[in-house]
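The values are calculated or read from the model by the stated rules, or taken from the named source; none is laboratory data. Not measured: the values here are computed from a predicted model. Cβ placement follows ideal geometry from the backbone for every residue including glycine, while neighbour counts extend to all protein chains displayed. We work out accessible area using only protein heavy atoms, side chains counted, and drop any ligands, DNA or RNA first. Shrake-Rupley method; radii C 1.70, N 1.55, O 1.52, S 1.80 Å.
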There are 2 protein chains.
Amino acid sequence: MNIPNLQIALDNNNLEDALLCLQEIAEYVDIIEAGTILCLNEGMKAVKYIKTLYPDKILLADTKCADAGKTVANNCKLAGADWMTVICSATLPTMKAAFDIMSDLQVELYGDWTFEHAKSWYDLGIRQVVYHQSRDSLLSGGSWGEKDLNKIEKLIDMGFKVSVTGGLDYDKIDLFRNLDVYTFIVGRGLREADNPAEEAAKWKKRLEEIWG
Amino acid sequence: MNIPNLQIALDNNNLEDALLCLQEIAEYVDIIEAGTILCLNEGMKAVKYIKTLYPDKILLADTKCADAGKTVANNCKLAGADWMTVICSATLPTMKAAFDIMSDLQVELYGDWTFEHAKSWYDLGIRQVVYHQSRDSLLSGGSWGEKDLNKIEKLIDMGFKVSVTGGLDYDKIDLFRNLDVYTFIVGRGLREADNPAEEAAKWKKRLEEIWG
């Protein structure tokens, strides 16, 4: 198995906070995500600033695009994003329009998506999906379990690179140890740590220990 | 039946173009939508400017929120939005979190939503849904048909206020004449008209003729 990537989800309300976070931890992460909250609040300016300051990192614009795939992808690309996200309930033409423009695309799995849907994305050439525990579901008491791990394994077996996200902190990494996870996406687990740089370094070390 | 509202979808790439459009047609529309494309490009600044300049219009932030409902709704409200949208594949806790904050909420119907899902939104207290022809589907040759009208009628019968959108121009209004449509959402049909103000006035007149 490969060592999973570490992705910081910058779901900050403003660009200053996002940049402050990056100043501390950018060196430890492989992928920087301009979160939906950040994009909706600051616009593509956020993506532009981040790409300018961290040109060597993969930059993902978490647009959760549902429509107008071509326009949204063009705007993301123009701002400097390498990848973007689409929501699983977007139509295939929307996904294709975005996929044709970006260097890579992630489908965000929310709600009642099916493996049949996943097959249709795969047939389009899409290879990345994001498996979620919704932030709001977690707030309502949900948590990671066997059911999630089985679905992730099935997606990996289909040929997808699977990123996992939602309420992930250091203590949960081991849950995934038998899976070829592509990327761990961590937001508050890093941003709100007492010492974000130390926490990110600890994550990287543990990922190498388990998957290395 | 009530006279349907007319909503302008400001899916502009930048705020200047959106404000220029409003300067011409705001007087004819009931609801102003800060489109997803505009919000993602300009951030909540777009919502703030529009609410400042047009405080008496209902302002909808088309966030198509999929997660973090509380944060996104708080940010929209702070910027001056009256309503916001959530994507149909958002979890119920996400919808509830947003609905608790905004004065009203619209669920955007994309992909394989079901009437069972719609019932669960209704049970949360949500009364607005947006029935779409996806922009990208339209570009791939899709169009409005009997199947759409039947689904819209069923949603209205369930008690929803249904907005319709997607490739709507003046010539398509009559298709809906037997339905108690709550709002017609028009984007390029108004923004890209030779004379947007005249086109919007023509829309209003026709809505009054049919539904008045």
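Please list, or write none, the lysines whose alpha carbon is within less than 16 Å of the alpha carbon of residue B:57, excluding same-chain residues fewer than 8 places away.
Cross-link targets: B:48, B:77, B:204.
Protein chains only, probe 1.4 Å: how do A:15, A:53 rank by accessible area, largest first?
Descending order: A:53, A:15.
Between residue A:100 and residue A:209, what FRET efficiency comes out of the Förster formula 1/(1 + (r/R0)^6) with R0 = 41 Å and r the beta carbon distance, rounded to 0.05? All intermediate terms of the calculation are to be shown ahead of the outcome.
Values: r = 39 Å, r/R0 = 0.96.
The computed FRET efficiency comes out at 0.55.
Among B:199-210, B:38-49, how do they line up by average Cβ neighbours within 10 Å per residue, starting with the highest?
Details: B:199-210: 16.6, B:38-49: 24.1.
Going by the mean number of other Cβ atoms within 10 Å, highest first, we get B:38-49, B:199-210.
Only Cα pairs under 8 Å and at least 6 apart count here; give the relative contact order of chain B as a rounded whole percent.
Numbers: 365 pairs, mean separation 47.1, N = 212.
This gives 22 percent for chain B.
Roll a 1.4 angstrom probe over the protein heavy atoms and tell me the percent of accessible area of the protein assembly as shown that is carbon or sulfur. Numbers along the way, then the final one.
Numbers: 7940 of 17370 Å².
For the protein assembly as shown, the apolar C and S fraction of the accessible surface comes to 46 percent.
On average, how many beta carbons from a partner chain sit within 10 Å of the beta carbon of a residue in A:68-77? Before the final figure, lay out the partial values.
Details: counts 10, 4, 3, 9, 5, 0, 2, 5, 2, 0.
Mean shielding by partner chains, rounded to a whole number: 4.
Rounded to the nearest 0.05, what FRET efficiency do residue A:158 and residue B:78 have when you use their Cβ-Cβ distance and R0 = 45 Å?
Working: r = 42 Å, r/R0 = 0.92.
For residue A:158 and residue B:78, the calculated efficiency is 0.60.
For the protein assembly as shown, give the magnitude of the charge dipole about the Cα centre (Cβ charges: +1 Lys/Arg, -1 Asp/Glu; no others), in debye to the nearest 20.
Values: 46 positive and 66 negative charges, 24 e Å.
The dipole magnitude comes to about 120 debye.
Can you tell which of A:160, A:185, A:196 lies farthest toward the positive end of the dipole of the range A:157-212, using +1 and -1 charges on the Cβ of basic and acidic side chains (Lys, Arg; Asp, Glu)?
It is A:160.
Taking R0 as 22 Å, what FRET efficiency do you get between residue A:177 and residue A:198 from their Cβ-Cβ distance, rounded to the nearest 0.05? Don't skip to the answer; put the middle values down first.
Details: r = 22 Å, r/R0 = 1.01.
For residue A:177 and residue A:198, the calculated efficiency is 0.50.
Explain nothing, just the number: dipole magnitude of chain B about its Cα centre with +1 on each Lys and Arg Cβ and -1 on each Asp and Glu Cβ, in debye rounded to the nearest 20. Please report the intermediate quantities before stating the final value.
Details: 23 positive and 33 negative charges, 106 e Å.
Approximately 500 debye in magnitude.
Using label points projected 7 Å from each Cα along Cα→Cβ, tell me how many nm separate residue A:124 and residue A:53, to one decimal.
Taking the simple label geometry, residue A:124 and residue A:53 are separated by 3.2 nm.
Within a 10 angstrom radius of each residue's Cβ in A:108-116, how many Cβ atoms of other chains show up on average? Whole number is fine. Please list the in-between numbers first.
Values: counts 4, 1, 8, 12, 8, 3, 1, 0, 1.
The per-residue average across the peptide is 4.
Note the distances from residue A:52 to each other copy's matching label point, with points 7 Å along the Cα-to-beta-carbon direction, in nm, sorted shortest first.
Label-point separations across copies, in nm and ascending: 2.2.
DSSP beta bridges in the range A:1-149, what fraction antiparallel, as a percent rounded to 5? Please report the intermediate quantities before stating the final value.
Working: 0 of 20 bridges.
Here the share of antiparallel DSSP bridges comes out near 0 percent.
So what's the gap between the Cα centers of the range A:36-77 and the range A:141-193, to the nearest angstrom?
23 Å
Give the average, rounded to an integer, of partner chain Cβ atoms located within 10 angstrom of each Cβ in B:83-91.
On the way: counts 0, 1, 1, 0, 10, 6, 12, 7, 10.
Per-residue shielding by partner chains comes out at 5.
To the nearest 100 Å², how much accessible surface do chains A and B cover up together, summed over both, with a 1.4 Å probe?
2800 Å²
Give me the percent relative contact order of the range A:113-212, please, defined on Cα pairs under 8 angstrom at least 6 residues apart.
On the way: 84 pairs, mean separation 24.5, N = 100.
It comes to 24 percent, rounded to a whole number.
Dipole size in debye (nearest 20) for the range B:1-123 around its Cα centre, Lys and Arg Cβ +1, Asp and Glu Cβ -1? Display every interim value, and only then the final one.
Values: 9 positive and 18 negative charges, 89 e Å.
Rounded to the nearest 20 debye, it is 420 debye.
Put a label point 7 Å from Cα along the Cβ direction on residue A:201, then list its distances to the equivalent points in the other copies in nm, shortest first.
Copy-to-copy label distances at residue A:201, shortest first: 6.9 nm.
Rounded to a whole number, what is D in µm²/s for the protein assembly as shown from Stokes-Einstein with the Kirkwood radius over alpha-carbon pairs (20 °C, 1.002 mPa s)? Don't skip to the answer; put the middle values down first.
Working: Rh = 21.9 Å.
Taking Rh from Cα pairs, D becomes 98 µm²/s.
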